[in-house]
Amino acid sequence: MTTEKTTEKARAKGSTRYHHGNLRPTLLSVARALLEEGGPEALSLREIGRRAGVSAPAAYHYFSSLDAIAAALAEQ
């Protein structure tokens, strides 16, 4: 159970946890931010999932590899 205080603490720490809806755009947004921050070496599906607030398997559900994410980013 999430309390209001817990939610406030998460926001204060800059948490961007994903909540329902289509996860794909969220993962792409996080991937783009990681790419801008640290270049291609900074990309990993585990880190993309972590920053999106989901598990690595959830990220893999939408993208089977970093190549798949790179292709989707190139299409945008």
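At a glance:
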| read-out | value |
| --- | --- |
| S29, sole failed condition from (1) at pLDDT below 95; (2) under 10 Å from the mean Cα position of the chain (by Cα); (3) under 16 Å from A74 (Cβ atoms) | (1) |
| Residues located in region 34-76, provided they are out of contact with any Lys or Arg (no Cβ under 7 Å at 6 or more places or on another chain) and part of a loop (DSSP other than H, G, I, E, B) | G39, L43, S44, V54, S55, F63, S64, S65, Q76 |
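The values are calculated or read from the model by the stated rules, or taken from the named source; none is laboratory data. Worth saying up front: this structure is predicted, and the values here are computed from it rather than measured. Please note: Cβ atoms are built from the backbone with ideal geometry, for glycine as well, and neighbour counts cover all protein chains shown.
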